[in-house]
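Participant: For reference, the structure I am asking about is given below.
Taken together, the values in this text are just the output of simple stated rules run on the coordinates, not laboratory data. What you see is a predicted model; the values in this text were computed from it and never measured. Cβ coordinates were reconstructed from backbone atoms using ideal geometry, including for glycine residues, and neighbour counts include every protein chain displayed.
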Amino acid sequence: MATVPGKFEMPTKGTVRASWLLANGDDGTPLDAMTYADKTVSVRGTFGAGGSVQIEGGDAIAPSYSILNDSRGETNTLIFTAADTRTILEHPGRIRPRVTAGDGTTSLTIVIEGVSR
């Protein structure tokens, strides 16, 4: 159970790519997402028994995190129990992944890519 530093890159002007390698109970350092209106999240790896990761967003000043939703609407939370890629609906100041369940084999790579408009 640790806060794991992300790898933050700007591959081209106006884009960002953040990635984390997380185990059961870990969360990632937040991505400052204010300037990136369009964001996609991909999750892959070994989920282990009951593995689950959620994508959370919060205020840029004093974050209090809550689960975000995908582009299909407010009832489609960004909680992954299998590998998938989804578009993030909301536009919070900060975004982080948090592994909420799993076992000793849980090892997940989470990538968030953003584009400014």
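Participant: Work out the length of the dipole vector of the chain about its Cα centre, built from +1 on the beta-carbon of each Lys and Arg and -1 on the beta-carbon of each Asp and Glu, and round it to the nearest 20 debye.
Facilitator: The calculation lands at about 280 debye.
Participant: Here's another thing I want to ask about it. Could you size up the charge dipole of the stretch 41-102 around its Cα centre, putting +1 on the beta carbon of Lys and Arg and -1 on that of Asp and Glu, and report it in debye to the nearest 20?
Facilitator: The calculated dipole for the stretch 41-102 is roughly 180 debye.
Participant: Through the Karplus equation 6.51 cos²θ - 1.76 cosθ + 1.60, θ set to phi - 60°, convert the phi angles of the stretch 42-51 into ³J(HN,Hα) values in whole Hz; use x for Gly and Pro.
Facilitator: 10, 10, 8, x, 9, 7, x, 5, x, x
Participant: Starting with the fewest neighbours, write out ASP27, ASP59 ranked by other beta-carbon atoms found within 10 Å of each beta-carbon.
Facilitator: ASP59, ASP27
Participant: May I ask you to work out the translational diffusion coefficient for the chain at 37 °C, viscosity 0.692 mPa s, via Stokes-Einstein with Rh from the Kirkwood sum over Cα pairs, reported in whole µm²/s?
Facilitator: 236 µm²/s
Participant: Residue farthest toward the positive end of the dipole of the stretch 1-63, with Cβ of Lys/Arg at +1 and Asp/Glu at -1: which of GLY57, GLY25, PHE47?
Facilitator: Toward the positive end, the furthest listed residue is PHE47.
Participant: A follow-up question, please. Just grab the label-to-label distance for THR100 and THR77, each label 7 Å out from Cα along the Cβ direction, in nm (one decimal).
Facilitator: Inter-label distance under the simple model: 0.4 nm.
Participant: Right, next: Let me check against my output: what whole-number percent is the relative contact order of the stretch 8-117, with C-alpha pairs under 8 Å and at least 6 apart?
Facilitator: Normalised by residue count, the contact order of the stretch 8-117 is 46 percent.
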